[in-house]
Each structure stands twice: as structure tokens, then as C-alpha cells.
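This report concerns only the one structure given below.
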Amino acid sequence: MSESAVPSSIARPWLARARAAAEGSGTKRQHSSLTNGRRLLAGVDGRNPWIRRCKDIIRAHLVDLGGEDNASAAERSIIRRCAVLTTELERLEVRFALANEASPEDLDLYQRTANSLRRLLEAVGLERRTRNVTPTLADYLQQQAAES
């Protein structure tokens, strides 16, 4: 199902709540297409690959934060900047791969951008998660049986 086919109340529950609150108060407040999530950048076609990749990254980060409902406006703003930096880092990586090399200037840009991205991700709660390597009881018993 495409993003446009998903009702806005499902895709953006916070928007549905805001609309319901506005309807209940008797006033109808209009938001820009940037605020309501329809556009990433004003005046830019949202169908180009760069915009689509940014939107994919934004969605992934919002899921990591527990959904759009759990992210504050400041967190959403930081996530948007993270998406732009990630997209540009990916473009640099493609350029490095196609050229089979990277110039010192490009490496410097890449390093500074990656460090800025890391700091932004830390601001929204980048955490290291340990991987559970403890075997399940069934795995342990199977291993014991195999060793006997």
C-alpha cells in the first residue's frame, strides 16, 4: 500500500488528534504542507529519489523512537537533519565507490559530516544495544546432547 493510500489518521495519528481538537473547538486551523508532513521541503517535488530516501530515513528513526506520537517537535527536527546528512553521506559513498578512491577534501567532508550525524543521533538518544548471546534452554540441551 502506498503512502498516499494510507489514511492520514493511520499514517499520522498526531495529525488526526490535532484535527479533532480543532474541530471540537469550533475553529479550523490550517497548517503548512511542511507541518502536516505532506512535504519535506517547500517547492520541491517529493517524488525525486533524494526526497524519498530522506523520508524513508525519517520514518525509520521515528519508529526507533516509538513512533511519531512519541517524538517531540525538537526530536523530529533533529531526525530530519539526520536524514539529510545520512542521504548525503550515502551519495558520497557512491561517489567513492564509482571512482575507486576519495580525495582528501572529500574524505574531510565525509568525516565532518559523519561526526555531525553522530552528534545529532546522540541528541535523540543513540544508544548502544548489547546483543543477547545467551543460548535458549532448547539450544543448550541440544548442544549437550550433541557433545555426549
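Only the coordinates and a few stated rules stand behind these numbers; no lab work does. Given the structure is predicted, the values throughout are model-derived calculations rather than measurements. As a convention, Cβ positions derive from the backbone with ideal geometry for all residues, glycine included, and neighbour counts pool all protein chains shown.
Details
- Taken over segment 47-126, the convex hull of the Cα atoms encloses 91 Å³ per residue.
- Per-residue Cβ neighbour rank within 10 angstrom, fewest leading, T134, T113, T86: T134, T113, T86
- Once both labels are positioned 7 Å from their Cα atoms along Cα-to-Cβ, the gap between S103 and R119 label points is 2.5 nm.
- Difference of contour (0.36 nm per residue) and Cα-Cα distance, E147 to R52: 29.0 nm
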